[in-house]
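Right, one structure below, let's go through it.
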Amino acid sequence: IDLERVMKSKVDYSEFTDLVERVQKDQKNEEVFTLLNEKAEIDHVNKALTEIHDELDIKANHEDIDSNIRGIENMMEALCSENCVGRWYWKSGNLKNDTCIPWEEQNI
């Protein structure tokens, strides 16, 4: 019996009974029937979906995360540039060789 043909067209009673017998004889079908009997009830599925939606509602959205990442990147860039810069003072006010400024003290 071609199962697709049976499903798509009208069948006579003998074909239907043959199909029922095949289903009843197959051991794997018992497992399927057991699983169908243990399937989730609508209330359980709805409860699980509600829990998933509640979890998704408290998660940060993409725009907030991107904004925070940009802020952190800007802060890190500023901190790194501060670490790379040396600050020197010209305390004496005297020139070296009458043209060069001697940087005499470093401020960290």
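Computed values, structure above
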{"read-out": "Any chance residue 46 is loosely packed, with under 10 Cβ neighbours inside 10 Å and either at pLDDT 85 or above or within 30 Å of residue 104 (Cβ to Cβ) (or both)", "value": "no"}
{"read-out": "Residues satisfying the stated conditions in the stretch 53-66, i.e. at pLDDT 90 or above, of a type outside the set (Asp, Glu) and surrounded by fewer than 10 Cβ atoms within 10 Å (Cβ to Cβ)", "value": "53"}
{"read-out": "Residues of the stretch 78-108 classified as outside any loop (DSSP other than H, G, I, E, B) and either at pLDDT below 80 or within 52 Å of the chain's Cα centre (by Cα) (or both), total", "value": "13"}
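The values are calculated or read from the model by the stated rules, or taken from the named source; none is laboratory data. Everything quoted here is computed from the prediction, not taken from an experiment. Methodologically, a virtual Cβ is constructed for each residue, glycine included, from the backbone with ideal geometry; neighbour enumeration extends over all protein chains shown.
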